[in-house]
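The values are calculated or read from the model by the stated rules, or taken from the named source; none is laboratory data. Computed from a predicted structure; not experimentally measured. Methodologically, a virtual Cβ is constructed for each residue, glycine included, from the backbone with ideal geometry; neighbour enumeration extends over all protein chains shown.
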Amino acid sequence: MYYDYNNVLSRNAMLNFILTNRGGGKTYGFKKKAINNYLKKGEQFIYVRRYKTEFDDITTFFDDISHEYPEHTFKASKKHAYIDDKLVGFFVPLSTANNKKSTAYPYVKLLCFDEFIIDKKNQRYLPNEPILLDGLIETVVRQRNDLTVICLANNVTIANPYFQHWDIYPDFENGIKTYNRGERICVELNADAEFIEAKIKTRWGKLNQHTKYGQHAIYNKSLSDDDSFIMNDKPSNSKFVFSFILNDNEVGIWLFDDMFYCDKKIINTSKFRYALQMGDLSPNNRMIEKINSSSMIYVFKNAFKNGRVFYKNKYIKSNVYDILKYVGIR
């Protein structure tokens, strides 16, 4: 079994985000798409991962699919992919993508970023990561309009920097949704029935189909998302007290009764807008060196520890969690 890209790509979007069951065959399906594009049209591809170390075993890239094409030979090196000794693909770590700005890719028509969502309990995103991807896309496409970008992941969380960067909020459980951001963007949450049926027949599937991780791996349920402390509407008696800025994301902190509400709304003229790192400093805010130097921030931290902080949505909740980790709350 492998994921079939024809449905989502028929929407003709430049940018496509695909979240499937773990082991749902999306990387295999991409390889099949890339190979067929080359054999039929001579088109090349770029395969992107976050870090250089993720390409340590890339020489085995074609090992699981080469049997489908017995009349051809396949080879992968640290940086390039070959079919019949002809260059067909490029392996690019996103962390070093800025080094590719002067590189030309005139025959690349398909770009895949694999595992674009991470579990932040165990990994970290690169600083301003969506901008790095944007820069790589611009390097490849230049003035062309014939590049298709596919971003693949397991359904860990919709509260990730990519959806936030393009202001998209998938509020559905299965299927394809299209967003218009000047150019069409497609997001697919795919829980393949055939895959689920096969998975729950395995010994592992029988053991884990009712566990939280099993729900994620088998049924494509989000691993990290939940609706706890989500409050869609800000209470009418809320008063703005301060804001945090981290990685260019600013979150407004509002006080109501003895609780706090967090959303994107801020008071631009407030003198209590705090940057947490040098890259976020601007004439409109100030750097805060000691997080406990503000009595209100100290009160906010204690409110969080006691379950009295609420959020507009899961994006804001994720941003606040990042901020609190930054200031030492784990």
- Item | segment 50-59, residues that are loosely packed, with under 14 Cβ neighbours inside 10 Å and either under 15 Å from F30 (Cα atoms) or touching a helix residue (DSSP H, G or I) at 6+ places or on another chain (Cβ under 8 Å) (or both) | Y51
- Kindly check whether there is at least one residue in segment 31-43 that is in contact (Cβ under 8 Å) with a residue 40 or more places away in the chain and within 30 Å of R124 (Cα to Cα). yes
- Item | segment 69-102, residues that are in a loop (DSSP other than H, G, I, E, B) and under 25 Å from the mean Cα position of the chain (by Cα) | K78, K79, K101
- Item | The lone exception for M14 - which of (1) within 22 Å of I83 (Cα to Cα); (2) in contact with a Lys or Arg (Cβ under 9 Å, 6 or more places away or on another chain) it fails | (1)
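Of all residues being among the charged types (D, E, K, R) and at pLDDT below 90 in segment 235-256, which is surrounded by the fewest Cβ atoms within 10 Å (Cβ to Cβ)? Just the residue, please.
Narrowing segment 235-256 to residues among the charged types (D, E, K, R): 239, 248, 250.
Restricting the remaining residues to those that are at pLDDT below 90 gives 248, 250.
Details: D248: 13, E250: 19.
The residue in question is D248.
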- Message: I'm checking my understanding of the structure. Among residues of segment 87-103 that are within 18 Å of K40 (Cβ to Cβ) and touching a helix residue (DSSP H, G or I) at 6+ places or on another chain (Cβ under 8 Å), which one is surrounded by the most Cβ atoms within 10 Å (Cβ to Cβ)?
- Response: G89
- Message: Quick check on segment 104-141: of everything there that is hydrophobic (A, V, I, L, M, F, W, C) and part of a loop (DSSP other than H, G, I, E, B), which residue is surrounded by the most Cβ atoms within 10 Å (Cβ to Cβ)?
- Response: F116
- Message: Whether any residue in segment 141-149 is free of Cβ contacts under 8 Å to residues at least 24 places away in the same chain, farther than 22 Å from L19 by Cβ and touching a Leu at 6+ places or on another chain (Cβ under 8 Å) is what I want to check.
- Response: yes
